[in-house]
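Inspection log for the structure reproduced underneath, given as structure tokens.
The values are calculated or read from the model by the stated rules, or taken from the named source; none is laboratory data. Please read all numbers here as calculations on a predicted model, not as lab measurements. For neighbour counting, all protein chains shown are included, and Cβ atoms are generated from backbone atoms with ideal geometry for every residue, glycine included. We work out accessible area using only protein heavy atoms, side chains counted, and drop any ligands, DNA or RNA first. Shrake-Rupley method; radii C 1.70, N 1.55, O 1.52, S 1.80 Å.
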Amino acid sequence: QVQLVESGGGLVQAGGSLRLSCAASGSIFNINAMGWYRQAPGNQRELVAFITRAGSTNYVDSVKGRFTISRDNAKNTVYLQMSSLKSEDTAVYYCNAGRRLIMTTWAPAEYWGQGTQVTVSS
């Protein structure tokens, strides 16, 4: 009953910036945490960042200081501003949202976006 539509992925040079957006629609009343996961070839899917309804944020260590997650509850949209991008950030990024109050790499919320490719060239 919830659809997550992502945008903003693409190809960027190392050191550049990119902003991902994810808009939720449908039965959005009970969405709590929203976040972003990523999966690179040969790697396990990992939680990149999530944000609570109140705006509390959490980041994987490898992106701290470079990525910023934010949300606009009125627009049911979560963003991931990515700066100082590195080749190791290359992955498919997936939006995630649902009733969970928090997220972990192993415990995502129930709704997923389709994924958007982020490629960082060096």
Dipole magnitude of the chain about its Cα centre (Cβ charges: Lys, Arg +1; Asp, Glu -1), debye to nearest 20: 220
P(r) tail for segment 40-85, what percent of Cα pairs lie past 15 Å? 48
Tell me, what are the semi-axes, in whole angstrom and largest first, of the equivalent ellipsoid of segment 32-122 as set by the roots of 5 times the Cα gyration tensor eigenvalues? 21, 14, 12
Asn73-Ala54 pseudo-label distance in nm [points 7 Å out on the Cα-to-Cβ vector]: 1.1
I'd like to check one number: the per residue accessible area of the chain, probe 1.4 Å, reported in Å² as a whole number. 51
Can you tell me, using C-alpha contacts under 8 Å and at least 6 residues apart, the relative contact order of the chain as a whole percent? 36
For Gln3 paired with Asn32, estimate the spin-label separation in nm (one decimal), with each label point 7 Å from Cα along the Cα-to-Cβ line. 2.7
By average Cβ neighbour count within 10 Å, what is the ranking of 89-95, 105-111 from highest down? 89-95, 105-111
